[in-house]
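Just so you know, all these numbers are worked out from the coordinates, no wet-lab data involved. All values reported here derive from a predicted model rather than from experimental measurement. Virtual Cβ from ideal backbone geometry, glycine too; neighbours counted across all protein chains shown.
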Number of protein chains: 2
Amino acid sequence: MPKLSAKGGNMPASPIRKLVPYSTAAKAAGKHVYHLNIGQPDIATPQVALDAVRNLDRKVIEYSDSDGFSSYRKGLAEYYTKVGIPVSPADIMVTTGGSEALIIGFMTAMDPGDEVIIPEPFYANYNGFATMGGITVVPITAHIEDGFALPPVEEFEKRITARSKAILICNPGNPTGSLYSRQELEQLAEICVRHDLFLFADEVYREFCYDGATPFSCMNLAGAEQHVIMVDSVSKRYSMCGARVGAMVTRNREFMSTSMKFAQARLSPPTFGQIAGEAALQTPQSYFDAVAAEYVHRRDVLVDGLNAIPGVICPKPAGAFYAMARLPIDSSDGFCQWMLEDFTMDNETVMMAPGTGFYSTPGAGLNEVRVAYVLKVDDLRRAITIIEAALKVYPGRLHC
Amino acid sequence: MPKLSAKGGNMPASPIRKLVPYSTAAKAAGKHVYHLNIGQPDIATPQVALDAVRNLDRKVIEYSDSDGFSSYRKGLAEYYTKVGIPVSPADIMVTTGGSEALIIGFMTAMDPGDEVIIPEPFYANYNGFATMGGITVVPITAHIEDGFALPPVEEFEKRITARSKAILICNPGNPTGSLYSRQELEQLAEICVRHDLFLFADEVYREFCYDGATPFSCMNLAGAEQHVIMVDSVSKRYSMCGARVGAMVTRNREFMSTSMKFAQARLSPPTFGQIAGEAALQTPQSYFDAVAAEYVHRRDVLVDGLNAIPGVICPKPAGAFYAMARLPIDSSDGFCQWMLEDFTMDNETVMMAPGTGFYSTPGAGLNEVRVAYVLKVDDLRRAITIIEAALKVYPGRLHC
C-alpha cells in the first residue's frame with residue numbers, strides 16, 4: 001500500500017473525538033449523557049433565515065462568485081458598519097465557515113516552516129489549520145488565575161523569530177470566554193506593526209458579550225489596517241453551524257487578492273448557506289437580547305455551581321459560551337474518559353472536553369476542562385451535581 | 001506591510017478569471033456574450049432536491065458529522081452500488097464539493113515536494129489544489145489528434161521518480177470529454193500497484209456518457225482497492241454546483257481515517273446542501289435521460305458546427321459537456337481576449353476558455369480552446385456562426 005503523507009500523520013486528532021467511542025458506548029449502555037463538550041448551541045436559528053431557505057425561488061442551484069454573492073457581501077458590509085466596523089464589500093470574502101477563512105488566511109500569510117504565535121488555551125482546530133499549511137504554532141500560556149487575560153506583550157516579543165509571520169487571537173475567546181480590552185489589543189497591534197506580523201482576529205463570538213461589555217474589534221486598531229485579518233462566521237451568531245458560511249475581512253487589498261486565488265480554486269462558498277446568511281442579517285435585536293439573557297443565566301448557574309464545588313476554580317467568562325474550569329484531578333483526559341466509561345449517577349453522566357486539547361505546551365491543561373454552557377439551566381444544574389459527585393469518587397482526585 | 005506567503009504567489013490564477021474584466025467590459029458596452037467558458041450548466045436542479053430544501057423542518061441548522069450525515073452516506077452507498085460500484089457507508093466521506101475531496105485527498109497522500117502525475121489538458125484547478133499542498137504537478141501531454149486518449153503507460157512510467165506519490169485522472173474528462181476504456185484504466189492500475197502510487201479518479205461526470213458508452217469506475221479495478229481514491233460531486237449530476245457537496249470514496253481504511261482528521265478540523269460539510277443531495281438520490285431516471293439527450297444534441301450541433309469551419313478540429317467527446325477544439329490561431333489567450341474586447345457580430349460575441357490554462361507544459365494549448373456546451377442549441381448555433389466570422393478576421397490567424 002502507498003505510504004500516506006507525513007502531514008496526515010501530524011494532523012492532530014480533535015480532543016473531543018477521542019472521547020466519542022466512550023460516549024457512544026455509554027449511550028449504548030443506556031446511560032444519559034449531558035453534552036457540555038461541544039460548541040453546538042441548542043438555540044433556534046432565526047426564523048427569517050429558515051424562511052429564506054424555505055421560500056427558495058431558484059430553479060438552478062448555481063455557484064456564487066468565489067468571494068460570495070455580491071448582495072450578501074453588501075449586506076455584510078452594512079452589518080459590520082452597524083456594529084462599529086466600517087468596511088466595504090471589497091474588504092469581505094465570504095468563506096465556507098470561519099474554518100475556511102483561517103485555512104485560506106493562513107496559506108496566504110504563511111509558508112511551511114513559518115510560525116504563528118497563539119495565546120493558549122486556544123480553539124483546538126487552529127492546530128489542524130496550521131498543520132495543513134506546514135505552519136508551526138508557538139503558544140504563549142495564559143493562566144486561569146488571571147482569568148486567562150492576554151499574556152504581557154513582552155511574552156509575545158520573546159517568542160518572535162525570523163520565521164514569525166502572525167499572531168492569532170480569538171476575542172471573545174473560545175475556550176476561555178475572556179474578552180480582551182482595547183488597550184491589550186492596541187499593544188498587540190503595536191507589536192504586529194513593529195515586527196511586520198499579521199494579526200488574525202477570530203471574532204466569531206462578537207454577539208456573545210455579557211454584563212454590558214462591548215467587544216473591541218481588531219479591525220478598528222488604527223495604524224494596523226494592513227496587518228489585521230478578521231475571521232467571522234454565521235455559525236454561532238445565528239445558531240446555524242451547519243450553514244458553513246463565514247467571512248474573511250481585511251482592508252489589506254494585496255492579501256485579499258492573493259486569498260481570492262485560493263477561493264477561486266474551490267469555486268464558491270455554499271449557495272443555500274449564503275441565502276440563509278443574507279436573510280439572517282435581518283434578525284431582530286430582540287433575538288440577540290433573548291439569546292444573551294439565556295446565556296448569562298446559564299453562565300451564572302454554571303460558574304457559580306462549579307465554584308461552589310470544593311477544589312474547583314472557574315473564572316467567570318465575559319463572552320462566548322464556554323468556561324475553562326480547574327478541577328482537583330490528575331488528568332483531564334483520564335477524568336473525562338472515566339466520567340463516560342466508569343461513572344454514573346442515577347444512570348446519568350457528563351461529557352466535557354479535556355483541557356489538554358486546548359494547549360500546545362505539553363502537560364498544560366492537565367487539570368482543566370472546557371465546559372460549553374449550551375444546555376438549558378435545569379440540565380446544567382443536574383450536570384453540576386453529577387460533576388460534584390464524580391469528583392468525590394474519582395480515583396485520580398488530587399487533595400491539595 | 002508583512003510579506004505574503006510564497007505559496008500565495010505560486011497559486012495559479014484561473015485561466016478564465018483573467019478574461020472576466022474583458023467580458024465585464026464587453027457587457028458594460030452593451031455587447032451580448034455567449035458564455036461557452038464555464039461548467040455552470042443551465043439545466044434545472046431536480047425538483048425533488050429543491051423541494052427537500054423548501055420543506056426544511058429543522059429548527060436549528062446544526063453541524064453534521066464531519067464525514068456527512070449518516071443517512072446521506074447510507075443513501076450514497078446505495079446509489080454507488082446501483083451504478084455498479086459496491087461500497088459501504090464507511091468507504092464514503094461527504095465533502096464540501098469535489099474540490100475539498102481533492103484538497104483533503106492530496107494532503108492525505110502527499111507532502112510538499114511530492115509529485116502527482118496528470119494527463120494534460122486537465123481541469124485547471126488541480127494546479128491550485130496541488131499548490132495548496134506544495135505538491136508538484138507532472139504533466140503528460142495527451143493529443144487532440146488521438147481524441148485525447150490516455151497517453152501510453154510507458155509515458156507514465158518514464159515520469160515516475162522517488163517523489164511520485166499519485167496519478168490523477170478525470171473520467172469522463174474535463175476539459176476533453178474523453179472516456180477512458182477499462183483496458184486503459186487497468187494498465188494505469190497496474191502501474192500504481194507496481195510503483196506504490198495512489199490513483200485519484202475524478203468521476204464527477206459519471207452520468208454524462210453518450211452514445212451508449214458506460215463509464216468504468218476506477219473503484220472496480222481489481223487489485224488496486226488500496227490505491228484508488230474516487231472523487232465525486234453532486235454539482236454536475238444534479239446541476240447544483242452551489243450546494244457544495246461532494247464525496248471522497250475509498251476502500252483504503254487507513255487513508256480514510258487520516259482524511260477524517262482533516263475533515264474534523266473543518267467540522268462538517270454544508271447541512272443544507274446535504275439535505276438537497278440526499279433528496280436528489282431519488283431523482284428519477286427520466287431526468288438523466290432527458291439531460292443526456294439534451295447534451296448529445298448540443299454536442300452534435302457544436303462539434304459538427306466547429307468541424308465545418310475551415311482549419312478547425314474538434315474531436316467528438318464521449319462524455320461530460322466540454323470539447324477541446326483546435327483553432328487556426330496564434331494564441332488562445334490572445335484570441336479569447338480579442339473576441340471579448342475587439343470583435344463583435346451584430347453586437348454579439350462568444351467567451352471561451354483558452355486552452356493554455358489546461359496544460360502544465362509551457363506553450364501547450366496555444367491553439368486550443370475549451371468550449372462548454374452548456375447553452376441551448378439555438379444559442380450554440382449562433383455562437384458557432386460568430387466564432388466562424390471571428391476567425392476570418394482575427395489578426396493572429398494562422399494559415400497553414
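Rounded to the nearest 10 degrees, the angle from helix B:253-265 to the longest Cα principal axis of chain B is 80 degrees. Each peptide among A:200-207, B:22-29, A:296-303, A:146-153 gets the average number of other Cβ atoms lying within 10 Å of its residues, and from highest to lowest they stand as A:200-207, A:296-303, A:146-153, B:22-29.
Take B:Gly9, move 7 Å from Cα toward the beta carbon, and the resulting point lies 3.1 nm from the same point in each other copy, nearest first. Between the Cα long axis of helix B:70-82 and the first principal axis of chain B there is an angle of about 60°, rounded to the nearest 10. Summary for B:Lys27: label point 7 Å along Cα→Cβ; distances to the equivalent points in the other copies, ascending, 4.6 nm.
Cβ-Cβ distance of A:Ala28 and B:Ala25, R₀ of 60 Å, FRET efficiency by 1/(1 + (r/R0)^6): the value works out to about 0.45.
Take the Cα of A:Glu155, go 7 Å toward its beta carbon, and the backbone nitrogen atoms of segment A:105-123 under 19 Å from that spot belong to A:116-123.
Contact order, relative form, for segment B:47-280: 30 percent (alpha carbon pairs under 8 Å, 6 or more residues apart, mean separation divided by residue count). Taking A:Asn125, A:Asn174, A:Asn55 in turn, the Gaussian network model of chain A (Cα-Cα springs below 10 Å) assigns the largest fluctuation to A:Asn55.
The ranking of B:Ser217, B:Ser257, B:Ser331 by Cβ neighbour count inside 10 Å, starting from the fewest, reads B:Ser257, B:Ser331, B:Ser217. Given the rule -39500 (n - 2.57) for each run of at least 4 DSSP H residues, summed and divided by the residues of chain A, what is its mean residue ellipticity at 222 nm, to the nearest 500 deg cm²/dmol? Counting only the DSSP helices, I get -11500 deg cm²/dmol. The mean number of Cβ atoms from other chains found within 10 Å of a Cβ in peptide A:196-205 is 1, as a whole number. Relative to the current alpha-carbon distance between A:Met1 and A:Asp342, full extension at 0.36 nm per residue lengthens the span by 118.9 nm. Compute the helix-to-body angle for B:97-109: its Cα long axis versus the longest principal axis of chain B, expressed 0 to 90° and rounded to tens. Taking the Cα atoms of chain B, the angle to B:97-109 is about 60 degrees. By other beta-carbon atoms within 10 Å, ranking B:Asp342, A:Asp65 with the fewest at the front produces B:Asp342, A:Asp65. Using C-alpha pairs under 8 Å with a sequence gap of at least 6, the mean separation divided by the residue count of segment A:115-228 gives a relative contact order of 26 percent.
For a paramagnetic label modelled on B:Lys316 (point 7 Å from Cα along Cα→Cβ), amide N atoms under 17 Å away belong, within segment B:365-400, to B:373.
Sequence-distant contacts, meaning Cα pairs under 8 Å at least 6 residues apart, place the relative contact order of segment A:9-130 at 27 percent. Taking every residue in B:271-280 and counting other chain Cβ atoms within 10 Å of its Cβ, the average works out to 4.
As a proxy for reagent exposure, A:Thr258, B:Thr45, A:Thr176 were ordered by neighbouring Cβ count within 10 angstrom, fewest first; the result is A:Thr258, B:Thr45, A:Thr176. Label sites at B:Thr81 and A:Glu186, each approximated as a point 7 angstrom past Cα along Cα to Cβ, lie 6.6 nm apart. The Cα center of segment B:206-244 and the Cα center of segment B:48-111 differ in position by 14 Å.
Full extension of the chain between B:Asn10 and B:Ser70 yields a length gain of 17.8 nm, computed as 0.36 nm times the residue separation minus the alpha carbon distance.
Between copies, the label points at B:His143 (set 7 angstrom from Cα along Cα-to-Cβ) are spaced 7.4 nm, reported in nanometres from shortest to longest. Residue by residue along A:128-135, Cβ atoms of other protein chains within 10 Å of the local Cβ number 4 on average.
Under 14 Å from a label point set 7 Å out along the Cα-to-Cβ vector of B:Arg54, the amide N atoms of segment A:30-71 belong to A:52-61. Computed over chain B with a Gaussian network model linking Cα atoms closer than 10 Å, the most mobile of B:Leu102, B:Leu185, B:Leu267 is B:Leu267. Each of B:Ser331 and B:Ala90 was given a label point 7 Å from its Cα along the Cα-to-Cβ line. The distance between the two points is 5.6 nm.
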